[in-house]
Amino acid sequence: MDIEQFRKAGYQAIDRICDYYYSLQGRAVTSQVEPGYLRKALPALAPTSGEDFQEIADDYQKLIIPGLTHWQHPSFFAYFPTACTFEGMLGDLYASSACNPGFNWSCSPACTELEAVVMDWAAQLIGLHSTFLNTSEVGGGVMQTSASDSALTAVVAARSRYIRENPNARMEDLVLYTTTQTHSLGLKAGLVLGLACRALEVTAENSFGLRGDTLRAALEEDIAAGKKPFILIATVGTTSSGAFDYIEELGRVASDYASLWLHVDGAWAGVSMACPEFREICHLEAINRYADSFCTNFHKWGLTNFDASTLWVRDRKDLTDALDVTPEFLRTKHGDAGTVIDYRNWHLGLGRRFRSLKLWFVLRSYGVEGFQKYIRQSVQLNETFVSMIRSSPQFTLVAPPSLALTVFRLEPQTTKQPLSAELLNNLNRLFYGRISARNDILLTQTVLNGTFCIRFAIGAARTTEEHIKQAFDILSAEAELTLKHWEEPA
């Protein structure tokens, strides 16, 4: 493909993407294909001779789009939102056109310098302390692929710091702490690094957040057994229920254990701190006071296309001491002089994408006010949904509403006698089975301390109050049908 052929194909691609978004609301949310559909439709081998690009582009429309789950659909309420804006798409396009690995400043100075600036913009947007800014030359921020990568990077840095401060510690004695509601990223970090991972219990009475007393008891127990606690992964806005660990309490406990790293994962909820009124619920003051590292994903609720996970550390030397590997062929004049950031030493890989360009496009196009408006609209829509749940005799909340996330279940008030926990779980599995069989709405399930329940996450940019009302009507109708076909025990 030459330049003019690319120009023509690019025009067509943009037209088709626009048509896709015009048609989005009329599509089913979920894909209707069967497993293995694509292998049956494609040849077993790559073509021997090159094909006409128009045929390739047409096959994308014919074969790929039917196999997509439409995360940008206004009736997508599953998992968490994945931000997708036209500004972000264009940023990705421009970044792809430059196509450099960005492992040091010399690769393309703009890639490193824009990331350093944009990470400071983002830090100030959500209210992080100046210690976390790149301009502090002490801490700083770096873009990663996902919150899992951010957590893994933090665990590597925490392990390195602990061994440096406690050189006689054995690796097999190190313990990584999460909670029973922490995202799987904590357990996965332990698996990857061969480290023990202990999940601390949380309770409904504490809204599924980790308390300081629970942490202190676990630390004392493990230390008495000869274990070496080295990192706690705390969360603001857990995946299952949107719970908030008690960061102030955890920070005070961590302060009593000098070598214990506190990483705070705000993958979904962290961007809400762009709005000052949500900073208290996210424990921003405690994060600024105690956290060694903090992560949030702008590719979830932050209007920036995947992948755009932002990680900040209080002391950048903790990263570079753990991850700096500089063979002769990677050495540069500016790197040796220490006058530039070489981001390859701030994460696990060597090469890296020009992710900051799309975040720069988004922040400039929306501005702080536009970004805040989007977050507030999502929270307001959730408040509308919560009011409907609370006024219904069919449903009940299982956890406190969390920003733009609600966890609820079917719990009818019309049964002859109160239902046991087991019966309620079975009833809700039937209810969720009916919901998940539909193609015009998508929610996800979870289990909170043995209670089966359903998550309703808002954040698609095209979702309006009308879509919330339609969703509630669907849920109410399916609840009635579930009860109609369910035999209440005598």
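Here, each number is a calculation from the coordinates, and none is a lab measurement. Since the model is a prediction, treat every value here as computed from it, not as a measurement. All Cβ positions, glycine included, derive from the backbone under ideal geometry; neighbour counts span all protein chains shown.
Hey, of (1) 83, 57, 46; (2) 78, 53, 49; (3) 76, 69, 47, which did the structure itself give for Cα extents along the principal axes in Å when calculated?
The value matching this structure is (3).
Nothing charged except the Cβ atoms of Lys and Arg (+1) and of Asp and Glu (-1): what's the magnitude of the dipole of the chain about its Cα centre? Round to the nearest 20 debye.
200
Between HIS485 and VAL325, what FRET efficiency comes out of the Förster formula 1/(1 + (r/R0)^6) with R0 = 60 Å and r the beta carbon distance, rounded to 0.05?
0.45
My understanding is that a pair violates if its Cα-Cα distance is over 23 Å; which of LYS300/LYS373; LYS8/LYS62; LYS40/LYS62 do that in this structure?
Violating the 23 Å Cα-Cα cut-off are zero pairs.
Return the sequence-ordered ³J(HN,Hα) values of region 177-184 in whole Hz as given by the Karplus equation 6.51 cos²θ - 1.76 cosθ + 1.60 applied to θ = phi - 60°, using x for Gly and Pro.
10, 9, 10, 5, 10, 5, 3, 4
If amide H atoms are built 1.01 Å from N in the plane of the peptide, which residues on other chains or at least 5 residues away come under 5 Å of the amide H of CYS197?
Amide H neighbours of CYS197, under 5 Å, 5+ apart: LEU176.
Looking only at the chain, where both bridge partners belong to it, what percent of the DSSP beta bridges are antiparallel (to the nearest 5)?
Given both bridge residues lie in the chain, the antiparallel proportion sits at roughly 55 percent.
With θ taken as phi - 60° and the coefficients 6.51, -1.76 and 1.60, list the Karplus ³J(HN,Hα) couplings across region 263-269 in order, rounded to whole Hz; mark glycine and proline as x.
For region 263-269, the Karplus-derived couplings read 9, 10, 9, x, 3, 9, 7 Hz, x marking Gly and Pro.
Rank these for me by crowding, ILE56, ILE435, going from fewest to most other beta carbons within 10 Å.
ILE56, ILE435
For each of LYS40, LYS317, count neighbouring Cβ atoms within 10 Å of the residue's Cβ, then give the residues from fewest to most.
The fewest-first ordering by Cβ neighbours comes to LYS40, LYS317.
Could you order peptides 198-204, 183-189 by the average number of other Cβ atoms within 10 Å of their residues, highest first?
183-189, 198-204
Can you give the extra length, in nm with one decimal, that the chain gains between LEU423 and ALA225 once fully stretched, where that is 0.36 nm per residue apart less the Cα-Cα distance?
This chain segment gains 67.2 nm when fully extended.
Using modelled amide H (1.01 Å from N, peptide plane; none on Pro or chain starts), what sits under 5 Å from the amide H of TRP261, excluding residues fewer than 5 places away?
HN-HN under 5 Å from TRP261: ILE231, LEU232.
What distance in nm lies between label points placed 7 Å from Cα along the C-beta direction at ARG462 and ALA44?
4.0
Check each of the GluC sites (Glu not before Pro) in region 68-148 and keep only those in coil by DSSP with at most 12 other C-beta atoms within 10 angstrom; list them in order.
Answer by residue number: GLU137.
Report the label-to-label distance for THR396 and ILE17 in nanometres (one decimal), using points 7 Å from each Cα along the Cα→Cβ vector.
4.7
Across region 77-84, in residue order, what do the Karplus-derived ³J(HN,Hα) couplings come to in whole Hz, using 6.51 cos²θ - 1.76 cosθ + 1.60 with θ = phi - 60° and x for Gly and Pro?
10, 8, 6, 9, x, 10, 4, 8
Once you have the Cα-Cα distance between ASN166 and GLN25, take 0.36 nm times their residue separation minus that, and quote the gain in nm to one decimal.
Once the chain is fully extended between ASN166 and GLN25, it gains 45.0 nm.
Please compute the alpha carbon radius of gyration of region 92-363, then divide it by the globular-protein estimate 2.2 N^0.38 Å. Two decimals is fine.
Against the empirical 2.2 N^0.38 Å value, I get 0.98 for region 92-363.
Please give the calculated 222 nm ellipticity per residue for the chain, where each DSSP H segment of at least 4 residues contributes -39500 (n - 2.57) and the sum is spread over every residue; nearest 500 deg cm²/dmol?
Taking each H run of at least 4 residues, the total per residue is -13500 deg cm²/dmol.
For the peptides 76-82, 25-31, what is the packing order when you average, over each peptide's residues, the other Cβ atoms within 10 Å and list the highest mean first?
Order by mean packing, descending: 76-82, 25-31.
Give the long-range amide H neighbours of THR179: residues separated by 5 or more places, or on another chain, with amide H under 5 Å away, using H modelled in the peptide plane at 1.01 Å from N.
Those qualifying (amide H under 5 Å, at least 5 residues apart or on another chain) are LEU200.
Put a dot 7 Å past each Cα toward the Cβ at MET1 and ASP59; how far apart are the dots in nm?
About 1.4 nm separates the two model spin labels.
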